[in-house]
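Colleague: One structure follows; several queries about it will come next.
The values are calculated or read from the model by the stated rules, or taken from the named source; none is laboratory data. Remember, it's a predicted structure, so these values are computed and weren't measured experimentally. Here the Cβ positions follow ideal geometry from the backbone for every residue, glycine too, while neighbour counts run over all protein chains shown. These accessible areas exclude ligands, DNA and RNA; they are computed on the full protein's heavy atoms, side chains included. Shrake-Rupley method; radii C 1.70, N 1.55, O 1.52, S 1.80 Å.
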Amino acid sequence: MSLFFTGTDTGVGKTHTIVQLLRLLRGSGVSCAGFKPICCGDRRDAELLLAASEQGLTIDQINPLWLKTPVAPLPASLVEQVEIEIERLLGAYLSLQRRVEHLFVEGVGGWLVPIRADYFVSDLAVAMKLPVIVVAQNRLGCLNHTALTVRSIASCGLDCAGVALNAPPGTADVAMTTNAEILRKILDVPLLSELSEKTNEMPTDWRLMIDCFRAARNVAITDIL
């Protein structure tokens, strides 16, 4: 079973959420890995995913394309004069998917970050035909950004498996204390429990979501390429 993780913005905790999910699954004996098709700037996200994933994998299997310029993939590829080959990214995804029971794909930044002039993060998720988890940071602006992302996922014909709301450090303000309740009122997708280093066992809502999409999966490899 595979899932695609996107964010309402960059720096909202996608890698953190996947790392905690991998930790919990591997702790129960499940074979799993994270996959970061594109890194821009440093490779820290991929390094964290590699450390949390099934043993025996390499950084290049976790992250097949590393652009050194710390901007979105499209401008980074223009600066570095690199052509981004979508087929290569999909091939790397399929190869890694065959090696583990669960694979969690981390997109670059938000849902509509451009990879090429005619191709966005959303298009990559569509090509992989994966259910999508939206990761948002619990702060002012979260309601708008999350609702826009969830609606855009639906318009792409994909299932939004849930929203993971991460709490930023610091004192809670009014937005932080009310966002979760409002999201439950305005969205028709599950609001999933926050995963942190203190989470010792898989929360029920995450387990039920994974079981649901595992049962519904069965995507033929020939349908993806």
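Colleague: Which of the residues that make up region 77-120 are of a type in the set (Gly, Ala, Ser), open to solvent by 70 Å² or more (accessible area, probe 1.4 Å) and under 30 Å from residue 25 (Cα atoms)?
Modeller: None; the set is empty.
Colleague: Have a look at 3, 57, 48, 21 and point out the one that is assigned to a helix (DSSP H, G or I) and in contact with a Leu (Cβ under 7 Å, 6 or more places away or on another chain).
Modeller: 21
Colleague: Restricting attention to region 46-65, which residues are of a type outside the set (Gly, Ala, Ser) and surrounded by fewer than 17 Cβ atoms within 10 Å (Cβ to Cβ)?
Modeller: Passing the criteria: 47, 55, 58, 59, 60.
Colleague: If you don't mind, there's one more thing I want to ask. Go through 74, 143 for me and flag whichever is in contact with a Pro (Cβ under 7 Å, 6 or more places away or on another chain), open to solvent by 30 Å² or more (accessible area, probe 1.4 Å) and in a helix (DSSP H, G or I).
Modeller: Numbers: 143 fails: in contact with a Pro (Cβ under 7 Å, 6 or more places away or on another chain).
Only one candidate passes the filter, namely 74.
Colleague: Continuing with this model, one more query. Going by the structure shown, is residue 151 in contact (Cβ under 8 Å) with a residue 12 or more places away in the chain, of a type in the set (Lys, Arg) and open to solvent by 60 Å² or more (accessible area, probe 1.4 Å)?
Modeller: So residue 151 fails the test.
Colleague: Given (1) buried (at least 17 other Cβ atoms within 10 Å of the Cβ); (2) within 22 Å of residue 98 (Cα to Cα); (3) of a type outside the set (Ser, Thr, Tyr), identify the lone condition not met by residue 12.
Modeller: Failed condition: (2).
Colleague: Do you know which residues across region 189-217 are farther than 12 Å from residue 161 by Cβ, in a helix (DSSP H, G or I) and among the small types (Gly, Ala, Ser)?
Modeller: Matches in region 189-217: 215 only.
Colleague: What about residue 106, is it touching a strand residue (DSSP E or B) at 6+ places or on another chain (Cβ under 6 Å) and either closer than 30 Å to residue 174 by Cα or outside any loop (DSSP other than H, G, I, E, B) (or both)?
Modeller: yes
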